[in-house]
Amino acid sequence: MSEQEPTVITLDNQNSVQILAQYIEVAQQKGAYLLNEAEILKRAMDVLINNIHDKEIDANMAKQLLIQGVNKGQRHGAYTLNDAALLSKVVLFVAQETAPATQVPAQASKPTIPVQAAPVQEEQVQEEQVQEEPVDSDDLSDLAEPIPLKPKEV
């Protein structure tokens, strides 16, 4: 078999949100979110993808919620290493796009990300169950916590 050439994705506002939404769904299928977190993430996706007006969530907040959602999915082990590397670049791009214009350096071209043929590979489902930490509140504040860089113990 011949080696497959990587696909190159040029990030823009539309496809970066689509990528985040796709990985939110993957993490949801693996049980990363509480029910009320899933409802907030759904509303954020509706604001960004379906242009639905929400009196509590604007476009910038919706992007921040999606970023927090994929970070929580990563903490729960929902993504492969390749997927997490892609998400890291997408999150950086979206975070730069939501920052005020004075804080974002001007870039001559849009970033491109080489990825394997399909960003989500369902056949690489992890068999391990990640134990969920007890949650005392129903808000998404714990989604903003930094991701520890130490390896998981088996």
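Read the figures in this text as sums done on the coordinates, not as results from a lab. Note that this is a predicted model, so its numbers are computed, not measured. Counting neighbours? That spans all protein chains shown, and the Cβs are built from the backbone with ideal geometry, glycine included.
Karplus-based coupling profile of segment 13-30, in residue order and whole Hz: 4, 5, 6, 5, 5, 4, 5, 4, 4, 4, 6, 4, 4, 4, 5, 4, 5, 9, with θ = phi - 60° in 6.51 cos²θ - 1.76 cosθ + 1.60 and x standing for Gly or Pro.
Given R0 = 25 Å, the distance between the Cβ atoms of residue 84 and residue 61 translates into a calculated FRET efficiency of 0.55.
What you get for segment 10-99, charging only the Cβ of Lys and Arg (+1) and of Asp and Glu (-1), is a dipole of about 240 debye around the Cα centre.
Each label was represented as a point 7 Å from its Cα along the Cα-to-Cβ direction; for residue 22 and residue 50 these points are 2.0 nm apart.
For residue 9, nonlocal amide neighbours, meaning residues 5 or more places apart or on other chains whose placed amide H falls under 5 Å from its own, are 113, 115. Backbone phi angles across segment 44-61, fed through the Karplus curve with coefficients 6.51, -1.76 and 1.60 (θ = phi - 60°), yield HN-Hα couplings of 5, 5, 4, 4, 7, 8, 9, 6, 8, 6, 10, 5, 9, 10, 9, 4, 5, 5 Hz in residue order; Gly and Pro are listed as x.
With the simple spin-label model, which puts each label point 7 Å out from Cα in the Cβ direction, the residue 39 to residue 96 separation comes to 3.7 nm.
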